[in-house]
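Step one of this worksheet: look at the structure below.
The numbers here are math on the coordinates, done by the rules we state, and not lab data. It should be emphasised that the depicted structure is a prediction, and the values quoted were computed from it without experimental measurement.
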Amino acid sequence: MGVEGREAVYVGDRVSTDVPGGAKAVGMYAVIVDRSGSLGIDDLGGGSRPDFIISSLLDLPQILGCNG
């Protein structure tokens with residue numbers, strides 16, 4: 001897409017694979033969708049901390065600063 005990692009956002013639902021192996025591996029911001037609200041701080045390993053945790057994809061515009 002022609003953008004740097006820091007200019008992109010990776011949205012996933014598995015902290016253990018989507019954050020360190022996906023987003024953080026290439027310098028992207030990591031967003032985890034936790035629809036059940038069950039993700040606790042103990043579930044987040046040292047290198048696996050997402051930048052944002054949201055409960056719905058409808059929350060994306062707010063964290064991206066989109067008006068709409």
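Report summary: the helix-based calculation at 222 nm, which adds -39500 (n - 2.57) for every DSSP H run with n ≥ 4 and divides by the residues of the chain, gives -2000 deg cm²/dmol. Only Cα pairs under 8 Å and 6+ residues apart enter the sum, and on that basis the relative contact order of the chain stands at 29 percent.
If you run the Gaussian network model on the chain, springs between alpha carbon atoms under 10 Å, then out of Gly22, Gly12, Gly37 the most flexible one is Gly37.
Between Cys66 and Thr17, 0.36 nm times their residue separation minus their Cα-Cα distance comes to what?
Numbers: separation 49, 0.36 × 49 = 17.64 nm, distance 2.71 nm.
Length difference between fully extended and current span is 14.9 nm.
Roughly speaking, what is the stretch gain from Ser38 to Ala25, that is 0.36 nm per residue apart minus the C-alpha to C-alpha distance, in nm to one decimal? Each step should come with its number before you reach the end.
Numbers: separation 13, 0.36 × 13 = 4.68 nm, distance 2.50 nm.
Working it through step by step, the gained length comes to 2.2 nm.
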